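The values are calculated or read from the model by the stated rules, or taken from the named source; none is laboratory data. None of the values given here were measured: they were computed from a predicted structure. Cβ coordinates were reconstructed from backbone atoms using ideal geometry, including for glycine residues, and neighbour counts include every protein chain displayed.
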Amino acid sequence: MGAAPIRDLRAVAWFERSLDAGVSALHLDDTRLITGDWDGGLHCWDLSGEALWSAQTSNRVGDMAVGDRRLFAVCGRDLVCLDLAGGEIQWTVELEGSSDLVACTPDGDTVLATSSVFDIELNDFIESTLWRFDGEGNRVREDVITERPWSVEMRDDGVALLGLGRPRCGLVHAGPNGLNHSPLPTESPATCGLPGRTRTIIGHADGTLTCIEDGVVLEEGPFPKQPGSIEALACTPDGLIVGLNSDTGAGLARAYSADGRKRWIVETEPGRKVEHVIDGPAIGDSNSVWIISWDGSTSVIEGCGELEGEGLIRFEEEVRVNAVIGDGDHLVIGLADGSVFLLQGELLNRRLTSDVEPEADGARSALAARLRALRD
């Protein structure tokens, strides 16, 4: 995946934290980072790395949403509401089946969660429920469908858009009065979704990218059909990054401008799958996008220039990356061994342009780890 210099992730991170279980979900905003883990733990730090609070829920944290002063998390079979400032659990409701997605309005007064039932014999999801609650945990309605939603976007008016899997596929508008199903330009199941800066994009198993602008589904959006199932989507300051895996067994990351013009393509070797794409802090004079791939034993985390796709920096970890999140100044990486790394733009650039050679980073990282252990 290019000739970017390999560096030690621990040597350039703003801070590193270790959880007792693998990372399963991340939330990042202007003041805090919240991490959910596979044992149901929720952990919150400010962006300097100071611990703010921790909470324990019933099971793996699958997804999170923030509305006003509340954090909503789906954990195992439960939907949990916590106080965002202090982490106190305000209420918990049990759902039917395994919880999957959660979204809320900006004021936190409307919450939508999804749960699904998996049939082992059929090896497929046979039923899903869309649950609507108010901010106090009172159930407003529930709707059962035969598809699993794979993406959710909550509009400010309380209507949610959900991309569906088989058998119907298509899109569901979930409002306070019920559901409205509509087809999409492809009959292929949805695999992921992205509420972007100017439009919503849904990725599909057949490589189609459906665009929705101002609530209207475009029959022909600006982005071409991809040569494989869409695995991940990310906005950049002026475009879109698509992560997919082709029929040849190679992973692909494709960059497009906002009007659909192809900028560049990065391809992995066969057997290495692209699992995440995300934008992050600028490196030097280039906005960065990050491509994260996995071959069953090693994760490659590579930062590339947004416009040209040149390799800027590369990390390798012998553990899977479970979750990533980023913004214009930060990148957060959550690993299956419970490690959490936050990279901050100014410090990252300072470390990369220092006189320290890459091979010396390991010693510096080990020293930093000993100092953190003493401090903790």
Please work out if A51 is among the aliphatic types (A, V, I, L, M), assigned by TED's automatic domain parsing to the domain that holds E346 and either under 25 Å from R272 (Cα atoms) or modelled with pLDDT of 95 or more (or both).
no
Name the residues in the range 1-47 that are crowded, with 18+ Cβ neighbours inside 10 Å, closer than 27 Å to I283 by Cβ and among the acidic types (D, E), would you?
D8
Between a residue in the range 269-282 that is farther than 12 Å from L252 by Cα and touching a residue at least 12 places away in the same chain (Cβ under 8 Å) and any residue that is among the hydrophobic types (A, V, I, L, M, F, W, C) and not in a strand (DSSP E or B), which pairs come within a Cβ distance under 9 Å, given they are 6 or more apart or on different chains?
G280/L348; P281/L348
Within the range 291-339, restricting to residues that are among the hydrophobic types (A, V, I, L, M, F, W, C) and in a loop (DSSP other than H, G, I, E, B), the one that is surrounded by the fewest Cβ atoms within 10 Å (Cβ to Cβ) is V319
Test V66 against the criterion of being more than 18 Å from the chain's Cα centre (by Cα), of a type in the set (A, V, I, L, M, F, W, C) and surrounded by fewer than 19 Cβ atoms within 10 Å (Cβ to Cβ), and give yes or no.
no
Within the range 44-87, residues being closer than 18 Å to T31 by Cα and among the charged types (D, E, K, R) number 6
Residue count, the range 137-163, condition surrounded by 22 or more Cβ atoms within 10 Å (Cβ to Cβ) and not in a strand (DSSP E or B), comes to 2
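Kindly provide the set of residues from the range 321-357 that are of a type in the set (S, T, N, Q) and touching a His at 6+ places or on another chain (Cβ under 7 Å), ordered by number. Spell out how you get there, then give the answer.
Of the residues in the range 321-357, the ones of a type in the set (S, T, N, Q) are 322, 339, 344, 349, 353-354.
If the condition is that a residue be of a type in the set (S, T, N, Q) and touching a His at 6+ places or on another chain (Cβ under 7 Å), then Q344 is the only one that fits.
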